1. Under the Karplus relation 6.51 cos²θ - 1.76 cosθ + 1.60, θ = phi - 60°, what is the ordered set of whole-Hz ³J(HN,Hα) values for the stretch 160-166, x standing for Gly and Pro?
2. Considering only C-alpha atoms, what is the centroid distance from the stretch 160-218 to the stretch 120-147, in Å?
3. By count of other Cβ within 10 Å, fewest leading, how are 226, 174 ordered?
4. Please list, in order along the stretch 197-214, the HN-Hα scalar couplings obtained from phi with the Karplus expression 6.51 cos²θ - 1.76 cosθ + 1.60 (θ = phi - 60°), rounded to whole Hz, x for Gly and Pro.
5. Of 176/239; 93/205; 93/239, which sit over 27 Å apart, Cα to Cα?
6. Assigning unit charges at the beta carbon (Lys, Arg +1; Asp, Glu -1) and nothing else, what dipole magnitude in debye, to the nearest 20, does the stretch 63-254 show about its Cα centre?
7. For residue 86, what charge total do you get from the other residues with a beta carbon under 11 Å from its beta carbon, if Lys and Arg give +1 and Asp and Glu give -1?
8. Restricting to bridges with both residues inside the stretch 63-254, how much of the DSSP beta-bridge set is antiparallel, in percent to the nearest 5?
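Readers should treat all values here as calculations from the given coordinates under stated rules, not as data from a laboratory. Since the structure is predicted, the reported quantities are computational estimates derived from the model, not experimental observations. Neighbour counts are summed over all protein chains in view; Cβ atoms, including those assigned to glycine, are modelled from backbone coordinates with ideal geometry.
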Amino acid sequence: MAGMESALDPHTALALLEWQIELGATEAIGDAPLDRYALAEAAPTTAAPGSAGPVPAPEVADPVAVARAAAEACDTLEELRAALEAFELCELKKGARNLVFSDGVPGARVMIVGEAPGRDEDRAGRPFVGRAGQLLDRMLAAIGLGRDASVYITNVMPWRPPQNRDPRPEEIAMMKPFLARHVALAAPDLLVLVGNISCQAVLGKRGITRLRGTWQEALGRPALPMLHPAYLLRQPLAKRETWADLLALQARLRDG
Ligand code: URA
């Protein structure tokens, strides 16, 4: 393949690399195969002082406990963003271009919790900026809300999963302490949970088509599950139900 290598100009090389990241590649590997089992056997072991035996491998920390300690130490949203920037235990971070922390007005009465960034959000470092986000903005505008004045937005996962796959339960569990702290610090009157992943993370239940439009209690405040705008782009007829949910949200804000 030497001829191919010499034909690669930097632009083509970058495009190839971006394509592989897009496909979900998270590790750089060499051309020659490596027998990692043999490497592990050959690895030198250190002897414990005063003993002939090898030192046991250090315990892998419980990532949820590490996340909880990091999140609970934060007293401001800026600190929480910095804690996420410094958090290295979530594999998704390695494949993401940017941390997607939030958008909108911190302290707004309504906080929207989405699922995870997609390609556009990963590029922009802001939640809900792609087609689904534009629909979300139109839905909110229909009841007089907007991220410029009256809504704060985040996602369960702050990093894009490869190929937009669903986040795994252990990834959700790891990021949940950050989300809980995010809600506490942003202190909204109520939450809107868009999509199944948000319901799973915040309510511990899935089944958005049954849950939507039913007020729940979560993280110390009322929470309204709603269909995800990406779903509405595929199933436009479901917009009728979402309109009813938006009116329920508007009424709750008016009454409370
Ligand atoms: N879908 C989400 O749930 N969140 C985003 O930020 C974008 C798409």
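1. 6, x, x, 6, 6, 5, 5
2. Rounded to whole Å, the Cα centres lie 17 Å apart.
3. Fewest-to-most Cβ neighbours within 10 Å comes out as 174, 226.
4. Each residue of the stretch 197-214 in turn: 5, 5, 5, 4, 5, 8, 9, x, 9, 10, x, 4, 5, 8, 6, 4, x, 9 Hz.
5. Values: 176/239 29 Å; 93/205 25 Å; 93/239 33 Å.
In this structure, 176/239; 93/239 exceed 27 Å between Cα atoms.
6. On the way: 27 positive and 21 negative charges, 143 e Å.
The calculation lands at about 680 debye.
7. That works out to -1.
8. In the stretch 63-254, approximately 30 percent of DSSP beta bridges are antiparallel ones.
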